[in-house]
Amino acid sequence: MNSKYRTETDSLGSVRVPESCLWGAQTERSRNNFKIGPGGSMPHEIIKAFGYIKKAAAITNCELGVLSTAKKDLIVGVCDEIIDGRHYDQFPLVIWQTGSGTHTNMNANEVIANMAHIRSGGNLSDKKKILHPNDDVNKSQSSNDTFPTAMHIAVYLAVKTNTIPGLKKLRNTFSGKSNDFINIVKIGRTHFMDAVPLTLGQELSGYVQQLDNGIRAINNALVMVSELSLGGSAVGTGLNTPPGYSKLVADKIAELTGMPFVSAPNKFESLAAHDAMVELSAALKRSGVSLMKIANDIRMLSSGPRCGIGELIIPSNEPGSSIMPGKVNPTQAEALSMVCAQVIGNDISVTIGASNGHFELNVFTPLIAANVLQSAQLLGDACVSFSENCIEGMEPNYTAIQTHLDNSLMLVTALTPRIGYDKSAGIAKKAFIENITLREAALSLGVVTGEQFDEWVNPLNMTGSH
């Protein structure tokens, strides 16, 4: 950090700020008072969302006659740079700050005001500047309505541009494999024990449906996330906002982002509660739970490859051991399952945070935003990685599949409608004890003929796919 400083002031007095930094007194106070975790850990998605908020608010305030065109243009110009991903180094604050996110809101106000002043030919050391962080950049706003709005914008964009596309990519990959493998008959497993047969395509189709259901749940949750609290001001009454501001500013944000944002119908609810985030986090968790099951199934079906189940062959992406030559591990499944564990844990944090909204404001907002954003990002990234580096290259091990099918005693289930449960159980027991085939056991007991056994015990017919 630059060893030279300038003096900035706020309502509490003077603060020394690194000379080259664009933030002001309130940001510096937070930076010094909350040295918790890595600096600058506030998600960049939140910073970008503040760019949209401050830009939309400036345009709306100008149209409603409470902000000059000149000041509006300065704010818009700086916000465009923030939206483009520039100047993230000027947002040094951590997640673990005031629970209302006030410090990050003021960080945005100060940076925008100082950048506008420099663009107008001024110096950061000037006592009087062309824009005031509170009076101009924060006009018609409160941290209590801007941070929840930033959270909704950031999360909505992350889910739409990352999470859902990632889930859809993996879903479509599984769907293609399901169609390719629809006629490959294999043994089913329940309780980790042999069960009646199904096709590999049928097995994979279950994963496709799980992913479809998860995507639907996430899209349903996004309906409430699209509702913005901006215009509620400090407690939901809209204090110090011009008439018509709430709807107009939400319309501006929708226009700028290309997403269907609307003004929340009840600002008291949107400030005091974050139930929309609870619903979305739960939907993300649902997909995490589904993906954990899918990852573990692929890991176990590909286990071995010679001494495990070994029915699937997955890509050999990297060496799996520093001591065992030739060992290859299901690393993509492991990574995905770790992501799922994180998403499930994040949902607990969101649940606790959202349940602690007291009276007119929830003060766990940075925690909620960070956890939901991380879940959205991780799920989308992991699905793409799992699809490209594992499932797209996955192939059946025909030899292992046929061997397991031939060895299964549960094919005897096809005989129960013909000879009854007890006689069928006797065949399976004899085959197991004497280590012979079901056909041999059935003929030895004299309960069916060879022709009957061959006609009735047909694994493909048992799958219901023909």
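Before moving on, here are some points about what is shown:
To keep it simple, each residue is scored yes or no on (1) assigned by TED's automatic domain parsing to the domain that holds Ala428; (2) crowded, with 22+ Cβ neighbours inside 10 Å; (3) in contact with a helix residue (DSSP H, G or I) (Cβ under 8 Å, 6 or more places away or on another chain).
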position	(1), (2), (3)
Pro165	no, no, yes
Leu170	no, yes, yes
Gly176	no, no, no
Phe192	no, no, no
Gly214	no, yes, yes
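- Residue identified as of a type outside the set (S, T, N, Q) and modelled with pLDDT under 95 among Pro366, Pro325: Pro325
- Residues satisfying the stated conditions in the range 49-69, i.e. more than 28 Å from the chain's Cα centre (by Cα), surrounded by 23 or more Cβ atoms within 10 Å (Cβ to Cβ) and β-branched (Val, Ile, Thr): Thr60
- Residues in the range 285-332 that are hydrophobic (A, V, I, L, M, F, W, C), closer than 18 Å to Asn389 by Cβ and more than 17 Å from the chain's Cα centre (by Cα): Ile298, Leu301, Leu312, Ile313, Ile314, Val328.
- Lone unmet requirement of (1) exposed (fewer than 15 other Cβ atoms within 10 Å of the Cβ); (2) touching a residue at least 40 places away in the same chain (Cβ under 8 Å) for Met394: (1)
- For the range 417-461, the candidate set comprises residues that are among the β-branched types (Val, Ile, Thr) and closer than 24 Å to Ile184 by Cα; within that set, the residue that is surrounded by the fewest Cβ atoms within 10 Å (Cβ to Cβ) is Thr437.
- Some residue of the range 354-374 being in contact (Cβ under 8 Å) with a residue 24 or more places away in the chain, at positive phi and more than 21 Å from the chain's Cα centre (by Cα): yes
- Residue count for the range 255-276, restricted to those that are in contact with a helix residue (DSSP H, G or I) (Cβ under 9 Å, 6 or more places away or on another chain) and surrounded by fewer than 21 Cβ atoms within 10 Å (Cβ to Cβ): 9
- Meets criteria (among the charged types (D, E, K, R) and closer than 17 Å to Ala195 by Cα) for Lys423: no
- Spans of helices (runs of 4 or more DSSP H) in the range 229-305 with at least 3 residues out of contact with any Asp or Glu (no Cβ under 8 Å at 6 or more places or on another chain) and touching a residue at least 24 places away in the same chain (Cβ under 8 Å): 245-257, 275-301
- Elements of the type helices (runs of 4 or more DSSP H) sitting completely within the range 1-113 and holding at least 1 residues that are without any contact (Cβ under 8 Å) to a residue 60 or more places away in the chain and of a type in the set (Ser, Thr, Tyr): these cover 69-83.
- All of (1) closer than 24 Å to Arg299 by Cα; (2) at pLDDT 95 or above; (3) of a type outside the set (Val, Ile, Thr) hold for Asn407 with one exception: (2).
- Subset of the range 144-195 (residues that are among the acidic types (Asp, Glu), in contact (Cβ under 8 Å) with a residue 24 or more places away in the chain and in a helix (DSSP H, G or I)): Asp145
The values are calculated or read from the model by the stated rules, or taken from the named source; none is laboratory data. Everything numeric in this text was worked out from a predicted model, so none of it was measured. With ideal geometry, Cβ positions are generated from the backbone for all residues, glycine too; neighbour counts draw on all protein chains shown.
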